[in-house]
Amino acid sequence: MITESYDVALRELRAGGIVALPTETVYGLAADIRNPQAIIKIFETKMRPEFDPLIVHVGDIADVIRVVDDWPPLAQKLAETFWPGPLTMVLRRQSNINPMITSGLETVAVRLPANPKTRTLIRDLGAPVAAPSANRFGHTSPTTAAHVDAEFSGEILVLDDGPCQVGIESTVIRINADKIQVLRPGAVTAEDLARFAIVETVKGSVETPGHLRHHYMPAIPLVILPNVRALTQPVYDGIRLRLQKTILHPAWMELPDDPVLAARLLYANMRAAAAASDVNCLLLAYPFHKRRANLWAGISDRLEKASTIIV
Ligand code: AMP
Ligand code: MG
């Protein structure tokens, strides 16, 4: 159910419910971190496996001390520069944090989101919220309230604050000695972070978000064509065989050439193309080789994991 009422959302969180909240990245499915029953509801609603930890969202930089046990000077510098914003830091957790939130890890992921309504809501609640993306596990993240409503058939309360401006999930980093390790690329880029420390990109570790080969997937298979813009007969036949379909009813998905717009529209365009009637696969012309730097790194990462085939 969609609401624009801040008070209705706050009341639901206070009552131990879960509420989908707008953030600048994607809509998140939020619960008060002090309420174990509400945290369990997040996992159940998303059908999320217990080994996939949640991101804790604070309302102020000062609130991180309620969550983390260690706040190195580099973290403080990054927070001052990039918060509120799409940067999640993985740090040593406080011992009183519910282990469900961290999947039993000794670390906790924390960020200060930029959406003013959500930030105020967290402050008024009086505690941080744990909030993964508001979609079923493995699916495309929601960037509008209507996406969340469709994903959970209207069963979840959504605070509507319009479409998300960033459009892809936050950058997740770990601080290791004086190095920054990027676990998930996002709108705070490796290039941005390199002003502060040596940056490494970690791929495929158990702690890497979406480390499962498939994640962020649309409702029908996404086929990415890095080198072709037209569906020739041999390419068509190749895709048909690999998808084990007798006939393809493809729809082309569009992405703008400007990376800021491409990130913003990525999931909305994916959902819209997949929702057309009679379509059984999505096609996207996307030159991965030209799109490894800056914000493109985050978009390419999501597309690799969202796709069933890269031709
Ligand atoms: P999201 O799907 O946007 O909710 O992102 C949550 C992701 O943050 C998870 O998939 C985790 O991989 C990552 N994350 C959360 N907590 C930790 C942690 N303690 N260590 C490493 N990654 C984490
Ligand atoms: Mg997610």
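A short reminder: the numbers here are calculations on the coordinates, not readings from a lab. Note that the coordinates shown come from a computational prediction; the quantities given were computed from them, not determined experimentally. When we count neighbours, we look across all protein chains shown, and the Cβ atoms used for this are built from the backbone with ideal geometry, even at glycine.
Give the dimensionless ratio obtained when the Cα radius of gyration of the range 252-298 is divided by 2.2 N^0.38 Å.
On the way: Rg = 11.6 Å, N = 47, 2.2 N^0.38 = 9.5 Å.
Compared with the compact-globule rule of thumb, the range 252-298 sits at 1.22.
Report the residue, chosen from 132, 287, 185, that carries the largest GNM mean-square fluctuation when the chain is represented by alpha-carbon nodes joined by springs under 10 Å.
287
Per 10 Å bin from zero, what fraction in whole % of the C-alpha pairs of the range 47-141 is there, up to the bin with the longest pair?
P(r) over the range 47-141, rounded to whole percents: 16, 48, 33, 3.
Which of these, 217, 47, 89, has the largest mean-square fluctuation under a Gaussian network model of the chain (Cα springs below 10 Å)?
47
Please state, as a whole number in µm²/s, the translational diffusion coefficient that the Stokes-Einstein equation yields for the range 1-41 at 10 °C and 1.306 mPa s, with Rh defined as the Kirkwood radius across alpha carbon pairs. Walk me through the numbers before you get to the answer.
Details: Rh = 10.6 Å.
It comes out at roughly 150 µm²/s.
What pairs in 77/305; 117/179; 245/305 have C-alpha atoms more than 28 Å from each other?
77/305; 117/179
What is the calculated FRET efficiency for residue 219 to residue 194, with r their C-beta to C-beta distance and R₀ = 51 Å, to the nearest 0.05? Don't jump to the answer; show the numbers that get you there.
Details: r = 37 Å, r/R0 = 0.73.
In this case the efficiency is close to 0.85.
In Å, the Kirkwood hydrodynamic radius of the chain over pairs of distinct alpha carbons?
Values: mean 1/r = 0.0503 Å⁻¹.
About 19.9 Å for the chain.
Where is the GNM fluctuation largest for the chain (alpha-carbon springs, 10 angstrom cutoff): 241, 125, 255?
Of 241, 125, 255, the Gaussian network model singles out 241 as fluctuating most.
Rounded to whole Å and sorted largest first, what semi-axes of the equivalent ellipsoid does the C-alpha gyration tensor of the range 1-112 yield via the square root of 5 times each eigenvalue? Write out the running numbers ahead of the final one.
Details: eigenvalues 109, 63, 30 Å².
Largest first, the range 1-112 gives 23, 18, 12 Å.
Please work out how much length the chain gains when fully extended from residue 1 to residue 233, using 0.36 nm per residue of separation minus the C-alpha to C-alpha distance, in nm with one decimal. Each step should come with its number before you reach the end.
Working: separation 232, 0.36 × 232 = 83.52 nm, distance 4.49 nm.
Using 0.36 nm per residue and subtracting the Cα-Cα distance, I get 79.0 nm.
Largest first and in whole Å, what are the equivalent-ellipsoid semi-axes of the range 109-266 based on the Cα gyration tensor, each being the root of 5 times an eigenvalue? Mind showing how you got there, number by number?
On the way: eigenvalues 206, 109, 46 Å².
Each semi-axis is √(5λ); the values are 32, 23, 15 Å.
Rank these for me by crowding, 200, 169, going from fewest to most other beta carbons within 10 Å.
Working: 200 13, 169 28.
The most exposed by this proxy come first: 200, 169.
Expressed as a whole percent, how much of the Cα-Cα distance distribution for the range 208-306 exceeds 16 Å? Walk me through the numbers before you get to the answer.
Working: 2781 of 4851 pairs.
Tail fraction, whole percent: 57.
Once R0 is set to 22 Å, what does the formula 1/(1 + (r/R0)^6) return for the Cβ-Cβ distance between residue 14 and residue 37, expressed as a FRET efficiency to the nearest 0.05?
Details: r = 13 Å, r/R0 = 0.61.
FRET efficiency, residue 14 to residue 37: 0.95.
Mind sorting 3, 171 by how few other Cβ atoms lie within 10 Å of their own Cβ, fewest first? All intermediate terms of the calculation are to be shown ahead of the outcome.
Working: 3 15, 171 28.
If I rank by nearby Cβ atoms, fewest first, I get 3, 171.
Taking θ = phi - 60°, what integer Hz values does the Karplus form 6.51 cos²θ - 1.76 cosθ + 1.60 yield along the range 51-61, in sequence order, with x for Gly and Pro?
These are the phi-based 3J(HN,Hα) values: 7, 9, x, 9, 8, 8, 10, 9, x, 8, 4 Hz.
Using amide H atoms built in the peptide plane, which far-off residues or other-chain residues are under 5 Å from residue 20 H to H?
30, 157, 158, 159
Please find the FRET efficiency linking residue 293 to residue 51, where r is the Cβ-Cβ separation and R0 is fixed at 35 Å, and quote it to the nearest 0.05. Let's see the in-between values first.
Values: r = 32 Å, r/R0 = 0.90.
E between residue 293 and residue 51, to the nearest 0.05, is 0.65.
Going by C-beta contacts inside 10 Å, put 103, 170 in order with the fewest on the left.
On the way: 103 17, 170 29.
Going from least to most buried by this count: 103, 170.
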